[in-house]
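Heads up: the structure comes next, in structure tokens.
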Amino acid sequence: MNEGGLAELRPNSLTAIFDISNTCNCRCLMCHFRLPKTRLQPVNFMLPGIFKTILSSLSPFLKRLTLSAASEPLTSPYFFEILKILRQFDEVPFTNILTNGILMDRRYADAIIDSNVSEVCFSVHGATKQIYEHIIQELALPNC
Ligand code: SF4
């Protein structure tokens, strides 16, 4: 970033993808979470305070915000708190959540509906039950 920093960006010009968790509750065949290096890494979650600080700086420039890209956001113990923070930034035009949907229950669904999330994308890993179950393997490994 040059001297002008974020101030040089146009409003609604930026896409931000937040991985608020670095883990997943699955170990799909084709995923980096199958690799020992990733599977055995220490589990970390973005703290709500850090999320809010970053979002405060970025929000005037955002056109889109995504939770998450390379992990499962619903594994974060701070997911509900992060949604509440997100609600305070309703100037962000479009927000979405990418999830495998396995942890989604009424509590998550209600919190998402009450937030200003624009879209929830569910990743579906197979067109048949057999293929889906073949791909999404080894749920709840010890470091999840
Ligand atoms: S659900 Fe997505 S992030 Fe999780 S293991 Fe499968 S492909 Fe990877």
Take the residues in the range 33-60 that are within 16 Å of the ligand (Cβ to nearest atom) and open to solvent by 70 Å² or more (accessible area, probe 1.4 Å); name whichever of them is nearest to residue 91 (Cα to Cα).
44
Determine which single condition residue 93 fails, assuming it passes every other condition in (1) open to solvent by 70 Å² or more (accessible area, probe 1.4 Å); (2) within 15 Å of the ligand (Cβ to nearest atom).
(2)
From the set of residues in the range 19-32 that are within 18 Å of the chain's Cα centre (by Cα) and open to solvent by 50 Å² or more (accessible area, probe 1.4 Å), which is nearest to residue 74 (Cα to Cα)?
19
Selection from the range 19-52 of residues that are in contact (Cβ under 8 Å) with a residue 24 or more places away in the chain, farther than 24 Å from residue 131 by Cα and touching a strand residue (DSSP E or B) at 6+ places or on another chain (Cβ under 9 Å):
19, 20, 21, 22, 43, 45, 46, 51
Which condition number does residue 121 fail, the rest of (1) within 12 Å of the ligand (Cβ to nearest atom); (2) within 30 Å of residue 6 (Cα to Cα); (3) of a type outside the set (Ser, Thr, Tyr); (4) surrounded by 13 or more Cβ atoms within 10 Å (Cβ to Cβ) being met?
(4)
Please find, within the range 64-81, the residue that is nearest to residue 112 (Cα to Cα) out of those that are of a type in the set (D, E, K, R) and open to solvent by 70 Å² or more (accessible area, probe 1.4 Å).
81
Does the range 65-86 contain any residue that is away from the ligand (no atom under 16 Å from the Cβ) and of a type in the set (Asp, Glu)?
yes
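The values are calculated or read from the model by the stated rules, or taken from the named source; none is laboratory data. Computed from a prediction, not measured in an experiment: that's the story for all the values here. So basically every Cβ, Gly included, is an ideal-geometry build from the backbone, and we count neighbours across all protein chains shown. Just the protein is used for accessible areas: all its heavy atoms, side chains included, with ligands, DNA and RNA removed. Shrake-Rupley method; radii C 1.70, N 1.55, O 1.52, S 1.80 Å.
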